[in-house]
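**Q** The structure that follows is given in the form of structure tokens.
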């Protein structure tokens, strides 16, 4: 079943006129015909089955025939804090994070991030990243759009995380020497009370020694993901996949 995101309110028996980019993708790219069905998603958390009633040169009319509730993301919600890597790497992580059910991504600046100041951050690419999120949402059938937050410094990220209290867990993924595994780290936690998990992943250079010392001073010990040094995107997927398995989310 094909799915497309539609930003306007929808309800049963409602007739909807599609135009613009959505019309182009549904009827000129995917070539759906009169009588065929597809789903429209919006941020209500519902999916609406529609039937194509008519197709014109620039617009088409569809009828909403069914409505279903899309399950919400299960707790604990995963929030990824990512030291900004190369743009191509970042875009791959954004796409896969949507598919994997990550609630939000916050890019931040660190000693080894690909940029060092907020002024260098390629904010002009935000519309492209939002489009990647939208397309991945449609592909995965997810009921909400993943949040892409503004770029922060590492200090600002840690300040936000510190306000979460006992209902949140912070995990620092580290490629260097650490005796603490993810499995053992989770055993130390009161898992039943967790509402969210903040995941910190370094960029191509990982985290510096000074940053690891900073984490440790805040009682945030670095956690190893294994003996092999992982690429940034691999580390993100490994961490998210492990937590989805552990918490059945």
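The values are calculated or read from the model by the stated rules, or taken from the named source; none is laboratory data. All values reported here derive from a predicted model rather than from experimental measurement. Ideal geometry is used to build each Cβ from the backbone, glycine not excepted, and the neighbour counts take in all protein chains shown.
**Q** Can you find a residue that is surrounded by 21 or more Cβ atoms within 10 Å (Cβ to Cβ), out of contact with any helix residue (DSSP H, G or I) (no Cβ under 7 Å at 6 or more places or on another chain) and in a loop (DSSP other than H, G, I, E, B) anywhere in the range 95-113?
**A** Scanning the range 95-113, I find at least one residue that is surrounded by 21 or more Cβ atoms within 10 Å (Cβ to Cβ), out of contact with any helix residue (DSSP H, G or I) (no Cβ under 7 Å at 6 or more places or on another chain) and in a loop (DSSP other than H, G, I, E, B), so the answer is yes.
**Q** Within the range 56-67, identify whether any single residue is within 30 Å of residue 158 (Cα to Cα), surrounded by fewer than 18 Cβ atoms within 10 Å (Cβ to Cβ) and within 29 Å of the chain's Cα centre (by Cα), and answer yes or no.
**A** no
**Q** I've got another one for you. Sort out which residues of the range 126-155 are free of Cβ contacts under 8 Å to residues at least 40 places away in the same chain and touching a helix residue (DSSP H, G or I) at 6+ places or on another chain (Cβ under 7 Å), and write them in order of number.
**A** Residues satisfying the conditions are 129, 133.
**Q** Quick one: in the range 158-177, of everything that is touching a strand residue (DSSP E or B) at 6+ places or on another chain (Cβ under 8 Å) and part of a helix (DSSP H, G or I), which residue is surrounded by the most Cβ atoms within 10 Å (Cβ to Cβ)?
**A** Within the range 158-177, the match that is surrounded by the most Cβ atoms within 10 Å (Cβ to Cβ) is 161.
**Q** Given the conditions (1) exposed (fewer than 15 other Cβ atoms within 10 Å of the Cβ); (2) under 30 Å from residue 3 (Cβ atoms), which single one is not true for residue 134?
**A** (1)
**Q** For the range 130-157, name all the residues that are modelled with pLDDT under 90 and out of contact with any strand residue (DSSP E or B) (no Cβ under 6 Å at 6 or more places or on another chain). Please lay out each step first, then the result.
**A** At the first step, the residues of the range 130-157 found to be modelled with pLDDT under 90 are 138-144.
Residues satisfying the conditions are 139, 140, 142, 143, 144.
**Q** Taking residue 189, is it more than 20 Å from residue 78 (Cβ to Cβ), loosely packed, with under 15 Cβ neighbours inside 10 Å and free of Cβ contacts under 8 Å to residues at least 40 places away in the same chain? Working first, answer last.
**A** Values: more than 20 Å from residue 78 (Cβ to Cβ): no; loosely packed, with under 15 Cβ neighbours inside 10 Å: yes; free of Cβ contacts under 8 Å to residues at least 40 places away in the same chain: yes.
Taking the combined requirement at face value, the residue does not satisfy it.
**Q** I would also like to ask the following. Can we say residue 73 is at negative phi and either in contact with a strand residue (DSSP E or B) (Cβ under 6 Å, 6 or more places away or on another chain) or outside any loop (DSSP other than H, G, I, E, B) (or both)?
**A** No.
**Q** Is it the case that some residue within the range 14-25 is within 29 Å of residue 244 (Cβ to Cβ), in contact (Cβ under 8 Å) with a residue 24 or more places away in the chain and outside any strand (DSSP E or B)? Walk me through how you get there before you give the answer.
**A** The initial filter retains those residues of the range 14-25 that are within 29 Å of residue 244 (Cβ to Cβ), namely none.
No, there is no match, as no residue in the range 14-25 is within 29 Å of residue 244 (Cβ to Cβ), in contact (Cβ under 8 Å) with a residue 24 or more places away in the chain and outside any strand (DSSP E or B).
**Q** How many residues are in contact with a helix residue (DSSP H, G or I) (Cβ under 9 Å, 6 or more places away or on another chain) and not in a loop (DSSP other than H, G, I, E, B) if we restrict to the range 178-201?
**A** Residues of the range 178-201 in contact with a helix residue (DSSP H, G or I) (Cβ under 9 Å, 6 or more places away or on another chain): 178, 182-183, 186, 190-191, 193-201.
Keeping just the survivors that are not in a loop (DSSP other than H, G, I, E, B) gives 182-183, 186, 191, 193, 196-201.
So the count comes out to 11.
**Q** Picking from 204, 227, which residue would you name as being modelled with pLDDT under 90 and touching a helix residue (DSSP H, G or I) at 6+ places or on another chain (Cβ under 8 Å)?
**A** 204
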